[in-house]
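Comments concern the structure below.
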Amino acid sequence: MAGAEEPAGRQSELEPVVSLVDVLEEDEELENEACAVLGGSDSEKCSYSQGSVKRQALYACSTCTPEGEEPAGICLACSYECHGSHKLFELYTKRNFRCDCGNSKFKNLECKLFPDKAKINSGNKYNDNFFGLYCVCKRPYPDPEDEIPDEMIQCIVCEDWFHGRHLGAIPPESGDFQEMVCQACMKRCPFLWAYAAQLAVTKVTTEDDGLVLKVDGVGDQEVITTENGAHQDNALGEDVPEHGKAIVKEVKAEQTNEPCTSSSSESDLQKAFQNQHFNTEAQSGCRLQELRAKQFMKKDSATYWPLNWRSKLCTCEDCMKMYGDLDVLFLTDEYDTVLAYENKGKVDQATDRRDPLMDTLNSMNRVQQVELICEYNDLKTELKDYLKRFADEGTVVKREDIQQFFEEFQSKKRRRVDGMQYYCS
């Protein structure tokens, strides 16, 4: 019989033990994520009256606008009030969008929060995300048929979501970059390659003849130089010089006496490049033209960018016109970033978040406040002592243990109240 109990004992030893601290930390993390995504959006009022909102949480309703119908997006408040029982696709956040709920795309639904809408929002932009399909592979997320673990990354230009393995370049660690521009958007905005040579998140390796700056990815890379001003079209349909075009996989970086092998030294080298090439704004009318006069690479892959890289983009008259022609003026807006939106949500939530204990105290008179504070302190002290026993013994706190604590606490409270003597003056 002893042998029969052994497997059960082993199984109990292998069962993961989750502490109360773990549960609280996980709950706090989820709450912070929700605040980041939803906190910048109004959960009670339809956003239609605000026009094209700079950035907001959006949803698509598969029940009202299934695949084959016109795509439509709804705001956070409408997802709750008008589509609460429907099948929704969470689109995270998108820029410059006006809520479609109840307009002509919804044949059998009227918006409960703002019914007086125009038939269509001509300024809205849509993609396959509004039908629950993402990436170049046009698959749902999560994908029940995809057994390969992979994270989804949003392009900050087209705002589609991509599998890391479908971006042409292995993504850096998530904490090493802030934004991503997909392959298609890099082709549409080739001027970004000049900035990528100095700003994009890169790998630094060492070779016998010194340091070499490499960009993650596969396939050949073109080093573009523009010293003579003569140009010809390359395979990507972009201008390249006739004399000075070469297929290479490396670009020489500044020489140094010591090899650069750690992540911190990678960061230091990249900062040195940035300082060298971007502190000359006062001496040059166009930052982009200055970069184009140097050597840089182009390839068929996505690029990954660090925090605040957009502030390095040139804002001269010619560049601003180019951004407008390419419909990427938002790149120069510091409040366009998802990070700015998330930070705003966290600040708003922190401002609105109330302490329920303080709210209760404010509604009481002085005597009631003192009694409540005493009860609260008693509860905190006794609960701490009670849980300490489990910590000292190394045992797991179960639901029954918590129930037993509160039953005993209430019993003690009743005995104290029953034993009190009241005097009339």
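Structural remarks
- Residue pairs whose Cβ atoms lie under 9 Å apart, separated by 6 or more positions or on different chains, with the first residue in region 302-319 and of a type in the set (Lys, Arg) and the second open to solvent by less than 10 Å² (accessible area, probe 1.4 Å), are Arg310/Leu331; Arg310/Asp336; Lys312/Tyr195; Lys312/Leu199.
- Which numbered condition Asn308 misses (of (1) of a type in the set (S, T, N, Q); (2) modelled with pLDDT of 90 or more; (3) loosely packed, with under 11 Cβ neighbours inside 10 Å): (3)
- When region 282-301 is filtered for residues that are surrounded by 15 or more Cβ atoms within 10 Å (Cβ to Cβ), modelled with pLDDT under 90 and outside any loop (DSSP other than H, G, I, E, B), the ones remaining, listed by number, are Phe296, Met297, Lys298.
- Selection status of Lys380, modelled with pLDDT of 80 or more, assigned to a helix (DSSP H, G or I), open to solvent by 80 Å² or more (accessible area, probe 1.4 Å) and assigned by the TED database to the domain that holds Arg95: no
- Neighbours by Cβ (under 7 Å, 6+ apart or cross-chain): first from region 60-88, touching a residue at least 60 places away in the same chain (Cβ under 8 Å) and open to solvent by less than 10 Å² (accessible area, probe 1.4 Å); second of a type in the set (Lys, Arg) and outside any loop (DSSP other than H, G, I, E, B): none
- Restricting attention to region 128-150, the residues that are open to solvent by 90 Å² or more (accessible area, probe 1.4 Å) and either more than 20 Å from the chain's Cα centre (by Cα) or touching a residue at least 24 places away in the same chain (Cβ under 8 Å) (or both) add up to 6.
- Residue ranges of strands (runs of 3 or more DSSP E) in region 125-191 with at least 2 members aromatic (Phe, Trp, Tyr): 161-163
- Asp100 vs. criteria among the acidic types (Asp, Glu), buried (at least 19 other Cβ atoms within 10 Å of the Cβ) and assigned to a loop (DSSP other than H, G, I, E, B): yes
- With respect to being touching a helix residue (DSSP H, G or I) at 6+ places or on another chain (Cβ under 7 Å) and open to solvent by 30 Å² or more (accessible area, probe 1.4 Å), Lys125 falls outside the description.
The values are calculated or read from the model by the stated rules, or taken from the named source; none is laboratory data. Source: prediction; values computed, not measured. All Cβ positions, even for glycine, are placed from backbone atoms using ideal geometry, and neighbour counts span all protein chains on display. These area figures cover heavy atoms from the full protein model, side chains too; ligands, DNA and RNA do not enter into them. Shrake-Rupley method; radii C 1.70, N 1.55, O 1.52, S 1.80 Å.
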